[in-house]
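Accompanying notes for the structure given below.
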Amino acid sequence: MVHHFCVLTSFGVRTFYFSEVTFMPNAKVLESKKTIVDALSEKIQNSTSAVFVDYKGITVAQDTELRVKLREAGVSYTVVKNKLTRFAVNELGMNELDDVLHGPTAIATSDTDVVAPAKVLVDFAKDNEALEIKGGFIDGKVVSLDEIKVYASIPSKEVLISKMLGSLQSPISKLARTLQAIVDEEATPGKAAA
């Protein structure tokens, strides 16, 4: 495509023609973007899981509600340009995520709970159809939307721990009650030692 512009000079009107001009960002802008990519790469690398979502169509109130739920679950929610995110995930060898990096994209990450981002976002998407889950990764492995839904159905870490402790405590409690019943039976005054 050829562009032209006219300049009025003391010698008359001059017309200049030029084709596609490419403007190179200055060093300060490039350094700023490199810093963002490095920080995002580190954040992704330190995360146990992440879910990528398309937030187009949700209202400000819905977005605020989502951010509150994510914060309560200990999940970080970030909106970064797709190009910068692409650089970060490709740097970490997760090239399969290139397919989901189009349109408005937000990233929910957790560095402690593997299921928290998936659980909160899948639950929120059930009530808010405008939120579209695109994909994600768990422990450095790229996972599909179906796998994210499976992880979302897993109970939280705290629930699993309490269930396990309850199942461990149950046999011990039964043993203690049985032993106590034997002691109580022997200690009854009507029974004499034979």
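Descriptive notes on the structure:
- Test: residue in the range 87-107 that is part of a helix (DSSP H, G or I), open to solvent by 40 Å² or more (accessible area, probe 1.4 Å) and in contact with a strand residue (DSSP E or B) (Cβ under 7 Å, 6 or more places away or on another chain): yes
- Number of the condition not met by D127 [criteria: (1) open to solvent by 40 Å² or more (accessible area, probe 1.4 Å); (2) touching a strand residue (DSSP E or B) at 6+ places or on another chain (Cβ under 8 Å); (3) charged (D, E, K, R)]: (2)
- Among the residues making up the range 51-80, those that are at pLDDT below 90 and not in a loop (DSSP other than H, G, I, E, B) are T78, V79.
- Boolean, K83 is modelled with pLDDT of 85 or more, part of a helix (DSSP H, G or I) and surrounded by fewer than 16 Cβ atoms within 10 Å (Cβ to Cβ): yes
- The range 30-50, residues that are more than 19 Å from D98 (Cα to Cα) and part of a helix (DSSP H, G or I): L30, E31, S32, T35, N46
- Sole exception among (1) at pLDDT below 85; (2) open to solvent by 90 Å² or more (accessible area, probe 1.4 Å) for D139, by number: (1)
- Within the range 108-117, the residues that satisfy the criterion of being among the β-branched types (V, I, T) and surrounded by 15 or more Cβ atoms within 10 Å (Cβ to Cβ) are T109, V114, V115.
- Between V183, V120, V159, the distinction of being in a helix (DSSP H, G or I) and open to solvent by less than 30 Å² (accessible area, probe 1.4 Å) belongs to V120 only.
The values are calculated or read from the model by the stated rules, or taken from the named source; none is laboratory data. This structure is a prediction, so every number in the text was calculated from the model and none was measured. Here the Cβ is made from the backbone with ideal geometry for all residues, glycine too, and neighbour counts use every protein chain on show. Side chains are part of the model used for accessible areas, which takes the heavy atoms of the whole protein and leaves out ligands, DNA and RNA. Shrake-Rupley method; radii C 1.70, N 1.55, O 1.52, S 1.80 Å.
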